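Worksheet for the structure shown next.
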Amino acid sequence: MIFGPGSKEKLKEWQAIYNEFKDKIQPNRKEGSEVFQYLKNKYSLEEYFEEKYLSPVTETVLKNEFYRQKLPLNSQPNPIAFIIKNEGDGEGLYKNQEQFWQGCPIYVGIDLTTGFVLVEGSCNLYDEIYAFQGVDKYDLENCVRVADYVQCIKKFNIPLYESVLAK
């Protein structure tokens, strides 16, 4: 997860990763419903249906051009929101929570229309989801998204990383 503002040095690093991998990666993005099913199968979730949990997903998609362009014509975001419970596999996420997030619940919002995923409370979970979800044609045009994806698959999907690297 790229967290915080980038520096000129970081941008150079991301551009170098992008240049090395941009032609080796093909669109492979899974839909939001597949991400939700993946999380449901792996973690205990507590769903929230109140607008205060759903609106951050909707607002991010609608107010951010990068995500808004992924909305099919004449469609709207269809958000779901939940907390990863601190039990089962979720315990590992909470145990390894970054200091910044210590003591916070791990919130996940997914837009089922665009596949946009919002994670608060765990950078590791964001990386795991990104490695699972993959990238689309819009992501592949963005050097920061490609660099982030490469770092995530290197961390969570070594066979995929090695197959991409070998191309």
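Output the residue which, of all residues in the range 78-129 that are acidic (Asp, Glu) and in contact (Cβ under 8 Å) with a residue 60 or more places away in the chain, is farthest from Glu31 (Cα to Cα). The extreme case among them is Asp127. Of the residues Glu31, Glu59, the single one that is surrounded by 12 or more Cβ atoms within 10 Å (Cβ to Cβ) and within 19 Å of Val146 (Cα to Cα) is Glu31.
For residues that are among the aromatic types (Phe, Trp, Tyr) and out of contact with any helix residue (DSSP H, G or I) (no Cβ under 9 Å at 6 or more places or on another chain), tally how many sit in the range 21-42.
Applying the first criterion (among the aromatic types (Phe, Trp, Tyr)) to the range 21-42 yields 21, 36, 38.
Now narrow it down to the ones that are out of contact with any helix residue (DSSP H, G or I) (no Cβ under 9 Å at 6 or more places or on another chain): 36.
Of the residues in that region, 1 qualify.
Do we find a residue being among the hydroxyl-bearing types (Ser, Thr, Tyr), surrounded by 21 or more Cβ atoms within 10 Å (Cβ to Cβ) and under 18 Å from Val117 (Cβ atoms) anywhere in the range 149-156? Scanning the range 149-156 turns up at least one residue that is among the hydroxyl-bearing types (Ser, Thr, Tyr), surrounded by 21 or more Cβ atoms within 10 Å (Cβ to Cβ) and under 18 Å from Val117 (Cβ atoms).
FYI, it's all coordinate maths here, none of it is from the lab. Please read these numbers as outputs of a predicted model, since none were measured by experiment. Glycine gets a Cβ as well: all are built from the backbone with ideal geometry, and neighbour counts include every protein chain shown.
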